[in-house]
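The values are calculated or read from the model by the stated rules, or taken from the named source; none is laboratory data. If you're wondering where the values come from, they're calculated on a predicted model, not measured in any experiment. Ideal geometry is used to build each Cβ from the backbone, glycine not excepted, and the neighbour counts take in all protein chains shown. Keep in mind that these areas ignore ligands, DNA and RNA; they rest on the heavy atoms of the full protein, side chains included. Shrake-Rupley method; radii C 1.70, N 1.55, O 1.52, S 1.80 Å.
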Amino acid sequence: MATPADPRPPPGSPELIPADGRFGSGPSKVRPEAVAALAATAPTYLGTSHRRDGVRSVVRRIRRGVAELLALPDGYEVLLGNGGTSTLWDALTFSFVERRSQHLAFGEFSSKFARVVAAAPHLDEPDVVESPPGTHPEPRPDPTVDVYALTHNETSTGVSTEIRRPNAAGLVAVDATSAAGGLRVDPTRFDVYYFAPQKCFGADGGLWVACCSPAAIERIERIAGSGRWVPPSLDLAVALESSRLDQTYNTPALATLFLLADQVEWMLGQGGLEWAASRCDRSAEILYGWAEASPVATPFVAKPSERSPVTATVDFDETVDAAALATTLRANGIVDTEPYRKLGRNQLRIALFPAIEPDDVATLTRAIDYLVEAQRSS
Ligand SMILES: *Cc1c(COP(=O)(O)O)cnc(C)c1O
């Protein structure tokens, strides 16, 4: 491991360089095997019509595979469309919130959806329940709320939550962008569980996927029939109709679809969600265990049960310059360990998604120890 000016590991130190240096929280590591499979299929797949069976069969694999991975009950449907999670927030604002939503806001992503809804002129002011970064609030059952907007894993702070229904009346919409495929979940506890492929699914961004309960589908159809103006690209009834035909409303990124299908089937082949979640748990034990034992590092999230097993945040004491650590790691090919920019802490954030090898996480902790030692002795 060398300084940024000389970004080569010293001879005899391969145990400090992970086999794969991608630890970003999104876009995240894409498995080389998936890229190779895409390259192999490219001549007959890339550059072909998304209205024909070549591409539609990939969409079908995604819809079936996601339903199997999450063990969706009968009647649940997998919808997809272009634009990623941020675009789905706009779509939910038009096509899913009836009058008033409640949002648990405890970081950048969960707060952003609350702001989108608050700005919508056709909805009542949302109820926003906040808590400081590094914690999460609890929902407040409220008969005037028709959507509870929960976040399974707040990627900006590394806090994970357990999904529960606050009451029987409101529908539950869960931002699982960084959680789906890495955290266990009981599908009877949500009505919409949505994500994008660039986190646990190790693909590219620009697509959203939403697992919808029968009650969610009924809500989407009711709003579509209510006379509310909804732009077609944000209309979930249009997305529902396209998805049922294994298509998207407009042209999708074919490479992204392929990488997503490949990752879902890779997870299923290894043993499904339980396997993927256990692998993330193993990486989390390595990382948090190391941080707890370290004299200079501490897990940022105080409660062990709330520490994310997919995006870990670790604070350093004032004897360590975490930004310099991230820069030197980057110079050595270990990338994207910087913390979420707006959190403004002396911190590293390390993704532990299913595609990331637990052994590489262990190697990373040794590299950080090595660099901390070098910083303190210089
Ligand atoms: C990454 C992320 C988003 C944003 O996803 P985009 O596809 O870039 O819009 C939203 N919510 C959470 C929890 C995320 O991790």
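Structure notes:
- Between Glu33 and Glu373, the modelled label-to-label distance comes to 3.4 nm, taking each label 7 Å out from Cα in the direction of the beta carbon.
- Its convex hull of Cα atoms gives segment 194-239 a direction-averaged projected area, equal to a quarter of the hull surface, of 3.7 nm².
- Counting only the Cα atoms, segment 87-128 fills a convex hull of 57 Å³ per residue.
- Estimated translational D of segment 261-378 in µm²/s (Stokes, Kirkwood radius over Cα pairs; 10 °C; 1.306 mPa s): 106 µm²/s
- Highest mean packing first, where packing is the average number of other Cβ atoms within 10 Å per residue, the peptides 27-40, 101-114, 313-326 line up as 101-114, 313-326, 27-40.
- Nearest-ten-degree value, helix 358-377 long axis tilted from longest Cα axis of the chain: 50 degrees
- Mean residue ellipticity (222 nm) of the chain, computed from DSSP H runs ≥ 4 via -39,500 (n - 2.57), nearest 500: -12500 deg cm²/dmol
- Intensity falloff of segment 61-156 expressed as log10 I(q)/I(0), Debye formula with alpha-carbon point scatterers, at q = 0.18, 0.20, 0.23 Å⁻¹: -0.94, -1.07, -1.20
- Between the helical axis of 32-45 and the longest alpha-carbon principal axis of the chain there is an angle of about 40 degrees.
- Helix axis angle, 254-270 relative to the chain longest principal axis, alpha carbon, degrees: 70 degrees
- Net charge contributed by nearby residues that have their C-beta within less than 12 Å of Asp281 (K/R +1, D/E -1): +2
- Taking other residues whose beta carbon is less than 10 angstrom from the beta carbon of Leu79, and scoring Lys, Arg as +1 and Asp, Glu as -1, yields 0.
- Under 14 Å, Cβ to Cβ, from Asn153 - net charge with Lys/Arg +1 and Asp/Glu -1: -2
- Stretchable slack from Asp124 to Arg99, in nm (0.36 nm times residue separation minus alpha-carbon distance): 8.4 nm
- With a Förster radius of 25 Å applied to the C-beta separation of Arg64 and Glu162, the computed FRET efficiency comes to 0.40.
- Efficiency of FRET from Cβ geometry, Asp359 and Glu241, R₀ 41 Å, rounded to 0.05: 0.35
- The chain: relative contact order as a whole-number percent, Cα under 8 Å and 6+ apart: 24 percent
- For segment 32-269, the spherically averaged projection of the C-alpha convex hull amounts to 12.3 nm².
- Heavy-atom accessible surface of segment 306-378, averaged per residue, reaches 38 Å², computed with a 1.4 Å probe.
- The chain, dipole about Cα centre (Lys/Arg Cβ +1, Asp/Glu Cβ -1), debye to the nearest 20: 720 debye
- For segment 100-178, diffusion coefficient by Stokes-Einstein and Kirkwood Rh (Cα), 10 °C, 1.306 mPa s, µm²/s: 128 µm²/s
- Principal axis dimensions, largest first and in whole angstrom, of segment 164-290 by Cα: 56, 39, 23
- Alpha-carbon centroids, segment 114-187 and segment 223-246: separation in whole Å: 23 Å
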